[in-house]
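Down below is the structure, laid out as structure tokens.
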Amino acid sequence: MAETGSVAVLPWLVAPLRRALETQTAHALLLHAPGGVGQFELGILLAQGWLCESTTVPLGERPCGICASCRLVAARSHPDLLVLLPEALREGLGWAAPESEEGGEEKAGKKKPSKDIRVEEVRAAIALALTTSSRGRGKAIVIHPAERMNAIAANAFLKTLEEPAGDARFLLCTAAADALAPTIRSRCQAIALELPATEVAVEWLRAQGIAEPEVLLAGCGGQPQDVIALAQLGVDAATWRNFPGRIAAGDVSALRGWPLPLAVDALQKLCHDVASVAAGAAPRYFAAATLAGRAPALDTLVRWSAELRRFAENAEHPWNAELTLESLVEQGREALQTPRSAQRRGGVDSLHLRR
Ligand SMILES: [Zn+2]
């Protein structure tokens, strides 16, 4: 990790952070980037930088990490910072909600954590925006992922964006700017983060203890935080290298224990790469050697891809995990093994999705 003051900063965020601190005066910023690149981290760092009370560290080098304000942010208890996250993401991002009676009830009822940012939470943020800053440096409200505000929440928020309230500044973080209402997008100053340079990402991943980081970084489309998420699920470089061969062999254990969205994502990448190779292009996610000899006909790949898209679009469906994984592997096996000459009907589309 690079450091700004004593705050850990993802190395590829150092320059965008400095630039934004030095140049941005808009009251609402839209930080957008591919997933796994750190737009949420940048949002928090910017908020911390704005709230930083250092008298010695220049603006572009904040947050200092040692002033009272920076320490309050680190302790997740700054009175002028509000972080809006779907309940389902809070813990993973290190922003678990403080214990509340409501939270207790939800836990007791074993309600599934919400994947949306709810309208009550947005209203609470708006209410905070209208109050006086506790520490005199204004207020910062980070919303991530901004597209998870549902339509009602987004509408409630729009009014605040239209008529900026007091000294509050908003940071909307997203990997899907297109999914945001145009009315919201147009009222924010946009900052686009690019994928980090491969060398920078590889070096950072190695420092995080990832062996052969190039393999998983390619597998994750260059998005380093996604590599960490994969590694936490026990997927290493060897797993990824062996993945095409195991799917082609119909080995269900290749996907066992994987969350369904991740399994579908990996299969979509495999399908993409096999199609690329069949079309004479270079694969993007898997090493060419691991795909050698897999060249199904285009119509087989088109059908496989359509089936995978159906799964991806219904990822929230309460599928029977084991049957679904078996079905996914079977589709992959059929698609990858069907020899060119034997491709007529049948193959992938003769299989029915099991629910
Ligand atoms: Zn500070």
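Cβ-Cβ distances below 7 Å connect the following pairs, each with a first residue in region 58-76 that is charged (D, E, K, R), a second residue that is near the ligand (Cβ under 6 Å from one of its atoms) and part of a loop (DSSP other than H, G, I, E, B), and a separation of six or more residues or different chains: R62/C52; R62/S54.
Criterion applied to G60, G36, G65 was being open to solvent by less than 50 Å² (accessible area, probe 1.4 Å) and closer than 24 Å to P86 by Cα, and the one residue passing it is G36.
As for region 1-15, it holds at least one residue that is open to solvent by less than 10 Å² (accessible area, probe 1.4 Å), outside any loop (DSSP other than H, G, I, E, B) and within 16 Å of the ligand (Cβ to nearest atom). Kindly evaluate G65 against the criterion of being small (G, A, S), near the ligand (Cβ under 8 Å from one of its atoms) and over 23 Å from the mean Cα position of the chain (by Cα). It is true that G65 is small (G, A, S), near the ligand (Cβ under 8 Å from one of its atoms) and over 23 Å from the mean Cα position of the chain (by Cα). Scanning region 127-143 for residues that are out of contact with any Lys or Arg (no Cβ under 7 Å at 6 or more places or on another chain), crowded, with 18+ Cβ neighbours inside 10 Å and in a helix (DSSP H, G or I) gives no hits. Scanning region 38-61 for residues being modelled with pLDDT of 95 or more, in contact with a Leu (Cβ under 7 Å, 6 or more places away or on another chain) and either of a type in the set (A, V, I, L, M) or near the ligand (Cβ under 10 Å from one of its atoms) (or both) gives a total of 6.
Criterion applied to R169, R185 was being surrounded by 18 or more Cβ atoms within 10 Å (Cβ to Cβ) and modelled with pLDDT under 95, and the one residue passing it is R169. Taking region 205-234, which residues are touching a Phe, Trp or Tyr at 6+ places or on another chain (Cβ under 8 Å) and closer than 25 Å to R18 by Cβ? Listed by number, the list holds a single entry, P224. Checked against the criterion of being in contact (Cβ under 8 Å) with a residue 60 or more places away in the chain and open to solvent by 60 Å² or more (accessible area, probe 1.4 Å), region 234-257 contains one or more residues that satisfy it. The condition of being among the small types (G, A, S), under 25 Å from Q223 (Cβ atoms) and under 21 Å from the mean Cα position of the chain (by Cα) holds for only one of A282, A315, that being A315.
Counting just the residues of region 47-57 that are of a type outside the set (A, V, I, L, M) and within 17 Å of P16 (Cα to Cα), which one comes out most open to solvent (accessible area, probe 1.4 Å)? Full working, then the answer.
Initial filter on region 47-57 (of a type outside the set (A, V, I, L, M)): 48-50, 52-56.
Retained after the next criterion (residues that are within 17 Å of P16 (Cα to Cα)): 48-50.
On the way: Q48: 14, G49: 1, W50: 33 Å².
Per the criteria, the residue is W50.
The values are calculated or read from the model by the stated rules, or taken from the named source; none is laboratory data. Not measured: the values here are computed from a predicted model. Cβ: placed from backbone, ideal geometry, glycine included. Neighbour counts: every protein chain shown. We work out accessible area using only protein heavy atoms, side chains counted, and drop any ligands, DNA or RNA first. Shrake-Rupley method; radii C 1.70, N 1.55, O 1.52, S 1.80 Å.
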